[in-house]
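Chemist: Below is a structure I'd like to ask you about.
The values are calculated or read from the model by the stated rules, or taken from the named source; none is laboratory data. All values reported here derive from a predicted model rather than from experimental measurement. With ideal geometry, Cβ positions are generated from the backbone for all residues, glycine too; neighbour counts draw on all protein chains shown.
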Amino acid sequence: MYIYSMGHYFPENILDNSFFDRLDIESSAGWIKDRVGIETRRSVLTQEQVMDLRHGRTTREQLKAAGAIESIASMCEKSWQVAKARSTDVKDPIDTVIGGTSIPDDDIPSNGCVISNRIGLEQVRAFDVNSACSTFVVQCHVMRGLVASGMTKEGAIFCAERYTTRIDYSDRRNSILFGDGAIAALVSSKNRPGSLKLIDSLVESSPSGWEHIHLPDGKFFHQNGAQVQKFAITKTIAAAQDILIRNQLKTSDAHWFIGHQANYRMLTSAMEKMGVPSSRHLYNVTDLGNQGAAGAPSVLSQNWDRYKTGDYIVVAVVGAGLTWGSLLLQKQ
């Protein structure tokens, strides 16, 4: 399987660290940067809407009913437009669409179907694959199997997240972390010039830890911060090293590393433990926050023109479930 184009989208509304000073949650811009390394994040909500949520002047349900929250399909359409503009070789009809989000507009139908309709794709098999922040790796794992089986020739993968709409803004531990974003990836069974070849994919889980990261129906996001931080560092390292080892590669053989954009402190700790120099570590969490499943693939997309022929790229992610996984890609 080959990823031959990618696109990303981030809402225009900016929530910088100084904004959280005004939320009355006993935080400061300096404290946030020191604690998690994040300086700004993007949101489908305006600062005024976040302030209203914080003080109980509105609810997510009221904002949604008023059409004030951008839809998942709209976010994906914008990332799709970027992906199409990047590729001059979107000629063959797409036959498979895989959608994914932790924060859907509706329980049914699948986001894959709604997105497909939004961008004008009708003769496709469309469905969702969700694994919280590990979603993109699992989507690629599934699509890789469909391509290998011959069932899929041309496909599209979409991830969009809006965690800023499901956060308790009186809780400084979680409210400072999240941003919103979306990505689109165009994939093919054919090797188009400039593609990223998916050499290998790895997916793992430890279901006994499912309660450590939880978003209950109709409630706010919750996580066991200390437990999750330890898990994230340990499994980011394991996912990256395992996929390299089983492909007879060393850490020094990989040109680029991209981790789940949980927070900058977690990422730098994992990279330092692996011996990855800062020059080969790609990230956007400092400017865009934790975008859930859209985080790691948005980094992959933002740096699309940076990869050179022969480069190995390792994407390692962790998420609720507990889940973790990785991709080994090579620039063609």
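Chemist: Would you confirm whether any residue within the stretch 139-146 is in contact with a Pro (Cβ under 6 Å, 6 or more places away or on another chain), crowded, with 23+ Cβ neighbours inside 10 Å and closer than 25 Å to I213 by Cα?
Modeler: Restricting attention to the stretch 139-146, the residues satisfying the condition of being in contact with a Pro (Cβ under 6 Å, 6 or more places away or on another chain) are none.
No, the stretch 139-146 contains no residue that is in contact with a Pro (Cβ under 6 Å, 6 or more places away or on another chain), crowded, with 23+ Cβ neighbours inside 10 Å and closer than 25 Å to I213 by Cα.
Chemist: Do we find that A182 is buried (at least 18 other Cβ atoms within 10 Å of the Cβ), among the small types (G, A, S) and either assigned by TED's automatic domain parsing to the domain that holds V276 or assigned to a loop (DSSP other than H, G, I, E, B) (or both) in this structure?
Modeler: Values: buried (at least 18 other Cβ atoms within 10 Å of the Cβ): yes; among the small types (G, A, S): yes; either assigned by TED's automatic domain parsing to the domain that holds V276 or assigned to a loop (DSSP other than H, G, I, E, B) (or both): no.
No; evaluated as a whole, the condition is false for this residue.
Chemist: If you check V50 against the conditions, is it part of a helix (DSSP H, G or I) and among the hydrophobic types (A, V, I, L, M, F, W, C)? Walk me through it before giving the result.
Modeler: Numbers: part of a helix (DSSP H, G or I): yes; among the hydrophobic types (A, V, I, L, M, F, W, C): yes.
So V50 fits the description; yes.
Chemist: Which one of the conditions (1) over 20 Å from N174 (Cα atoms); (2) over 23 Å from the mean Cα position of the chain (by Cα); (3) outside any helix (DSSP H, G or I) does H8 fail to meet, given that it meets all the rest?
Modeler: Exception for H8: condition (2).
Chemist: Now a separate question. Is there a residue in the stretch 247-260 that is of a type in the set (S, T, N, Q) and in contact with an Asp or Glu (Cβ under 9 Å, 6 or more places away or on another chain)? So that I can check it myself, show each step before the final result.
Modeler: Taking the stretch 247-260 and keeping what is of a type in the set (S, T, N, Q), we get 247-248, 251-252.
From what's left, in contact with an Asp or Glu (Cβ under 9 Å, 6 or more places away or on another chain): 247.
Checked the stretch 247-260: at least one residue is of a type in the set (S, T, N, Q) and in contact with an Asp or Glu (Cβ under 9 Å, 6 or more places away or on another chain).
Chemist: Collect the residues in the stretch 133-192 that are more than 22 Å from D105 (Cα to Cα) and small (G, A, S), keeping them in residue-number order.
Modeler: Passing the criteria: G145, A148, S149, G150, G155, S170, S188, S189.
Chemist: Can you confirm whether the stretch 151-166 contains a residue that is in the same structural domain as S116 (by TED's automatic domain parsing), assigned to a loop (DSSP other than H, G, I, E, B) and hydrophobic (A, V, I, L, M, F, W, C)? Before the answer, list the steps.
Modeler: Going residue by residue through the stretch 151-166, those that are in the same structural domain as S116 (by TED's automatic domain parsing) are 151-166.
Next cut, assigned to a loop (DSSP other than H, G, I, E, B) only: 151-153, 166.
Next, from what is left, pick out any that are hydrophobic (A, V, I, L, M, F, W, C): 151.
Taking every residue of the stretch 151-166 in turn, at least one turns out to be in the same structural domain as S116 (by TED's automatic domain parsing), assigned to a loop (DSSP other than H, G, I, E, B) and hydrophobic (A, V, I, L, M, F, W, C).
Chemist: Something else about it: Based on what the data block shows, is Q330 farther than 18 Å from R144 by Cα and either under 13 Å from the mean Cα position of the chain (by Cα) or modelled with pLDDT of 95 or more (or both)?
Modeler: On the way: farther than 18 Å from R144 by Cα: no; either under 13 Å from the mean Cα position of the chain (by Cα) or modelled with pLDDT of 95 or more (or both): yes.
Here the answer is no, as Q330 does not meet what is asked.
Chemist: For the stretch 174-206, enumerate the residues that are in contact with a helix residue (DSSP H, G or I) (Cβ under 6 Å, 6 or more places away or on another chain) and either closer than 30 Å to H222 by Cβ or among the hydroxyl-bearing types (S, T, Y) (or both).
Modeler: Scanning the stretch 174-206 gives I176, F178, G179, D180, G181, A182, I183, A184, S189, S201, L202, V203.
Chemist: Now a separate question. Taking the residues in the stretch 202-230 that are under 25 Å from R54 (Cβ atoms) and of a type in the set (V, I, T) as candidates, determine which candidate is surrounded by the fewest Cβ atoms within 10 Å (Cβ to Cβ).
Modeler: The qualifying residue surrounded by the fewest Cβ atoms within 10 Å (Cβ to Cβ) is V228.
Chemist: Let me ask another. I'm told D305 meets every condition in (1) surrounded by fewer than 20 Cβ atoms within 10 Å (Cβ to Cβ); (2) closer than 15 Å to V138 by Cα except one. Can you identify the failing condition by its number?
Modeler: All conditions are met except number (2).
Chemist: May I pose another question? Please specify each residue of the stretch 213-229 satisfying the condition of being in a helix (DSSP H, G or I) and more than 16 Å from V317 (Cβ to Cβ).
Modeler: Going residue by residue through the stretch 213-229, those that are in a helix (DSSP H, G or I) are 225-229.
G225, A226, Q227 - these are the residues of the stretch 213-229 that are in a helix (DSSP H, G or I) and more than 16 Å from V317 (Cβ to Cβ).
Chemist: Can you tell which of L23, L45, L53 is surrounded by 17 or more Cβ atoms within 10 Å (Cβ to Cβ) and modelled with pLDDT under 95?
Modeler: Details: L45 fails: modelled with pLDDT under 95; L53 fails: modelled with pLDDT under 95.
Step by step, each of L23, L45, L53 is checked, and only L23 is surrounded by 17 or more Cβ atoms within 10 Å (Cβ to Cβ) and modelled with pLDDT under 95.
Chemist: Of these, S74, S79, which one is buried (at least 22 other Cβ atoms within 10 Å of the Cβ), of a type in the set (S, T, Y) and part of a helix (DSSP H, G or I)? Spell out the reasoning first.
Modeler: Working: S74 fails: buried (at least 22 other Cβ atoms within 10 Å of the Cβ).
Exactly one residue qualifies, and that residue is S79.
Chemist: Do you know which of the residues in the stretch 248-263 that are among the hydrophobic types (A, V, I, L, M, F, W, C) and free of Cβ contacts under 8 Å to residues at least 60 places away in the same chain is surrounded by the most Cβ atoms within 10 Å (Cβ to Cβ)?
Modeler: Narrowing the stretch 248-263 to residues among the hydrophobic types (A, V, I, L, M, F, W, C): 249, 254, 256-258, 262.
Those left that are additionally free of Cβ contacts under 8 Å to residues at least 60 places away in the same chain: 256-258.
Numbers: W256: 21, F257: 24, I258: 27.
It comes out as I258.
Chemist: Taking the stretch 268-284, which residues are in contact (Cβ under 8 Å) with a residue 24 or more places away in the chain and either within 20 Å of L322 (Cα to Cα) or assigned to a helix (DSSP H, G or I) (or both)? Can you show your working first?
Modeler: The initial filter retains those residues of the stretch 268-284 that are in contact (Cβ under 8 Å) with a residue 24 or more places away in the chain, namely 268-270, 273-276, 280-283.
T268, S269, A270, K273, M274, R280, listed by residue number.
Chemist: List the pairs whose first member sits in the stretch 65-81 and is over 13 Å from G120 (Cα atoms), whose second member is among the basic types (K, R) and buried (at least 21 other Cβ atoms within 10 Å of the Cβ), and whose Cβ atoms are under 8 Å apart, counting only residues at least 6 apart or on separate chains?
Modeler: So the pair list comes out as I69/R162; E70/R162; I72/R162; M75/R162.
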